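Encoded as structure tokens, the structure appears first; notes follow it.
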Amino acid sequence: GRSPEGAATSHWVPRDGMLERDTTTEDLPTTSSIADFRLQFEWRWADEPRLTDLPLLDADGLPARDPSGKPRTRPCLDAGDGEIAVRGATRCTVALSCLPVGSGDLPLVRGDESLGREVQRGLIPRRQSDRPVGLWNQMEIVVRGDHMTVVLNGDEVLHDVVVPGIPPKG
């Protein structure tokens, strides 16, 4: 296939009713500029998971630290990660991950300390709602103006949050 810009999308292969990616370096762009939208999709981690120490967040959405200042982690099964760049903005990506915070996180926006703690806290998923590695997940992302709602496996993990810096369309 070809992307809208004419670049080959040979790493995305339809197989058994699914669209599979055989690389971690190629995006699958939309063919037009979009403003408000509702995106529904399913994904699963097909790679063999590895037990890995993954970072924890504090209540403000910042990396959690122990009393000595060392980053806190938790052993988790990790099989990869991915992201949905909302309106094409790399900064406004919805994370698909094995991290303890869960999928639906907006890590690049949430990590912007200039936004203030209240805004950062609002961008943390309410709970980790991912299914175990290897099982299918269902996600819905709804964007209206600068507001976003993310539903993961029937659980609203972000509710109508304002996403600072999201472009009006893309």
* Return the pairs, sorted by first residue and then second, in which the second residue is polar (S, T, N, Q) and open to solvent by less than 100 Å² (accessible area, probe 1.4 Å), the first residue lies in the stretch 42-53 and is touching a residue at least 24 places away in the same chain (Cβ under 8 Å) and under 10 Å from residue 136 (Cβ atoms), the beta carbons are less than 8 Å apart, and the residues are 6+ apart or on different chains. => 42/137; 42/138; 43/137; 44/137
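When you scan the stretch 40-56, how many residues do you find that are open to solvent by 60 Å² or more (accessible area, probe 1.4 Å) and modelled with pLDDT of 85 or more? Outline the logic, then answer.
Going residue by residue through the stretch 40-56, those that are open to solvent by 60 Å² or more (accessible area, probe 1.4 Å) are 40, 42, 44, 46-48, 50-51, 53, 55.
Now drop any that are not modelled with pLDDT of 85 or more, which leaves 40, 42, 44, 48, 50-51, 53, 55.
Going through the stretch 40-56 one residue at a time, the tally reaches 8.
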* Taking the stretch 64-90, which residues are among the β-branched types (Val, Ile, Thr) and modelled with pLDDT under 90? -> 90
* Can you find a residue in the stretch 101-113 that is open to solvent by 50 Å² or more (accessible area, probe 1.4 Å), at pLDDT below 90 and more than 12 Å from the chain's Cα centre (by Cα)? -> yes
* Structure fact -> Looking across the stretch 76-100 at residues that are open to solvent by 60 Å² or more (accessible area, probe 1.4 Å) and among the charged types (D, E, K, R), the single one that is nearest to residue 161 (Cα to Cα) is 91
* Structure fact -> Apart from one, (1) of a type in the set (Gly, Ala, Ser); (2) over 28 Å from residue 51 (Cα atoms); (3) surrounded by 18 or more Cβ atoms within 10 Å (Cβ to Cβ) all hold for residue 170; the odd one out is (3)
* Asked: Any residue at all in the stretch 97-109 that is within 19 Å of residue 42 (Cβ to Cβ), out of contact with any His (no Cβ under 8 Å at 6 or more places or on another chain) and not in a loop (DSSP other than H, G, I, E, B)?
  -> yes
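The values are calculated or read from the model by the stated rules, or taken from the named source; none is laboratory data. Everything numeric here is computed off the predicted structure, so don't read it as measured data. Positions of Cβ are backbone-derived with ideal geometry, glycine not excepted, and every protein chain shown enters the neighbour counts. Quick note on the areas: whole protein, heavy atoms, side chains included, nothing else; ligands and nucleic acids left out. Shrake-Rupley method; radii C 1.70, N 1.55, O 1.52, S 1.80 Å.
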